[in-house]
Amino acid sequence: MKLRSFFSFLIVSIIALLAVGAGAFYWLKDPTPLNLLQGGSTRVPAATIFIPKNAPMMLSILENPDKLEALGQKFAPAQEKGKIHSEFNQIKKSFLVNSGLNYSRDIQPWIGNEVTLAIAENDFDYDSSNGQQIGLLLAVESDNIERSRECIERFWQKSVTGKELVSVQYKGVKLMYRQKQIDRNITPLFSEISPTLATAIVPSGSTNQHSFVLFANHPKVLREAINNVQAANLNLSNNYQYQQALQQLKNGRIAVAFVNLSELNQTIGGQKEIGRQVKESLKNSTTNLAFTIGVKPLGLLAESILLLPEGQDLPLPLVMLESAPIKALNYIPAASPFVAASVDLNHLWDRISAKVAGNNFLSKLLNQPIADLQVNWGIDLVKDIFKSVHGEYVLALLPHPDRALPDWIFVAEKSPDLTKAIAHLDEIAASQNYSIGNFSLDNQQISAWTKLTTSTNFNRQVIKAEARGVRATVGNYEVFTSSVEAMDAVLKASELGSLAGNSEFQNAIAFLPQLNNGYLYLDWQSSREIWERGIPFLRLIELSGKPFFDHWRSLTLTSTGGDAGIQRASMFIRLN
């Protein structure tokens with residue numbers, strides 16, 4: 001089996017299993033052996049004993065795929081059973097592509113309740129001359145050590161011939177890997193042999209109570225994994241922040257992830273010189289992210305904790321949501337597929353931008369869209385708008401039937417600072433040769449920043465007014481839109497239906513904590529085409545995770561406060 005096949009399987013199965021399983025769990029009525037009404041099991045990943053303490057990322061599935069399929073079949077409607085079975089078969093085929101193995105015969109007899117993937121090392125040989133050698137590790141729990149040995153031996157028999165296969169003992173564990181002879185005349189700069197996929201079977205006697213089959217992209221990664229078991233202070237299970245995160249995330253789960261953001265930044269950034277000195281310097285400023293995924297009747301609930309370096313915190317303003325969410329949502333049309341709603345944008349932006357300032361990856365992710373908008377609009381978005389919003393605010397997109405790009409809507413609670421900001425925006429518009437016109441729309445006084453343009457129509461010059469933005473004062477809020485049509489939809493929201501009263505949105509926030517910092521809401525089904533047009537590579541991601549994207553209905557994210565050094569958030573993934 002190609003290493004790529006193993007990791008493709010895990011990435012696809014993490015997405016697909018969760019989606020298929022949660023879609024079936026919609027019909028749960030009674031308690032089950034998986035305790036799914038409470039989210040899932042409360043076990044912790046056992047494979048963390050193989051993973052380095054400062055690994056960039058690890059992700060574990062904590063339920064056997066056959067159990068999930070059986071449960072899905074049990075509770076799914078008759079018309080869905082065939083589709084679920086087909087999707088699980090697709091996952092199994094991805095797992096075994098090009099391997100010559102059969103799932104029912106070779107995998108099912110021994111696969112246990114845990115599959116863990118880790119980016120174990122940014123550069124496993126610490127040699128900057130050969131670039132960044134990322135170490136990947138896959139650990140699959142085995143319930144039958146003899147059957148798993150038979151499977152691995154059958155795999156190698158079908159995959160290699162002659163001198164390609166190497167079998168060695170390392171600290172009592174048998175390592176097997178393939179190395180191919182390299183033609184020196186073609187690649188003189190490389191060594192004679194180049195190891196690729198490597199495997200090992202570690203019985204329960206070496207890992208307390210769990211046996212594992214290990215796969216890695218180099219035997220050095222496996223050797224380090226075995227070292228981590230025998231020197232407990234080196235492995236992730238003894239990382240204090242990892243232990244702290246598991247204590248905080250107590251709800252049931254079917255998946256667990258732990259990310260070292262400092263190390264992952266190096267991995268994603270593709271920096272070629274990692275080295276030991278850089279790795280050591282990162283240890284003193286480590287920021288970690290942990291999250292779990294549990295099952296709810298309508299989808300999946302993910303809970304996360306951001307663990308900041310000692311002495312740092314990220315306080316955010318909280319709003320107690322009672323019977324209704326943020327009141328400004330009453331002005332957002334129900335058809336809006338993307339909404340960000342919170343309070344005190346000024347404070348929120350200051351805190352977040354300050355915390356990501358030292359992280360190149362996160363800083364670029366946050367600031368680049370702002371910079372692009374500033375170029376297009378000719379304003380300092382942070383200074384001219386963000387700084388003046390202290391109360392509630394909502395930013396929303398609204399699909400436009402006649403245009404590829406959607407309209408945008410921004411609603412902000414009135415304040416003296418916001419009144420000054422609007423006057424300043426009028427000055428900026430005037431300096432860019434825009435006119436400020438006032439007129440009535442549905443008995444509501446509105447203002448528009450417009451510029452006159454000419455076009456030829458049937459050999460006649462036609463003058464058109466191009467609106468850069470539209471504004472109105474509605475109740476206790478200032479409303480800004482990108483078109484008159486969008487403003488009309490805002491004014492009619494109370495009559496035709498607002499997002500706040502929309503049943504889909506209510507379902508999307510039903511499982512989130514009431515004490516929170518507002519919502520980031522994405523209706524995937526309604527906005528899919530918008531994101532596909534704006535993000536070219538998204539279609540490739542959808543293709544690799546097709547089962548998930550087919551089931552995915554919406555996503556809602558909220559921050560839920562925190563303590564010193566800890567910031568919590570929750571995300572609900574609504575599934576069909």
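The values are calculated or read from the model by the stated rules, or taken from the named source; none is laboratory data. Everything quoted here is computed from the prediction, not taken from an experiment. Here the Cβ is made from the backbone with ideal geometry for all residues, glycine too, and neighbour counts use every protein chain on show. Side chains are part of the model used for accessible areas, which takes the heavy atoms of the whole protein and leaves out ligands, DNA and RNA. Shrake-Rupley method; radii C 1.70, N 1.55, O 1.52, S 1.80 Å.
Peptide packing: for 166-172, 289-295, 60-66, the average count of neighbouring Cβ atoms within 10 Å per residue gives the ranking 289-295, 60-66, 166-172, highest mean first. Sorted on the mean count of surrounding Cβ atoms within 10 Å across their residues, most packed first, peptides 225-233, 484-492, 430-438 read 484-492, 225-233, 430-438. Rolling a 1.4 Å probe over the protein heavy atoms leaves ARG568 with an accessible area of roughly 60 Å².
The accessible-area ordering, largest first, of the residues MET58, MET176, MET571 stands as MET571, MET176, MET58, per a 1.4 angstrom probe. Counted by Cβ distance under 13 Å from PHE511, the other residues give a net charge of +1, where Lys and Arg count +1 and Asp and Glu count -1.
Within the shell defined by Cβ-Cβ distances under 11 Å, the residues around ILE385 carry a net charge of -2, with Lys and Arg each +1 and Asp and Glu each -1. Ligands, DNA and RNA aside, PHE439 has an accessible area near 80 Å² when probed at 1.4 Å.
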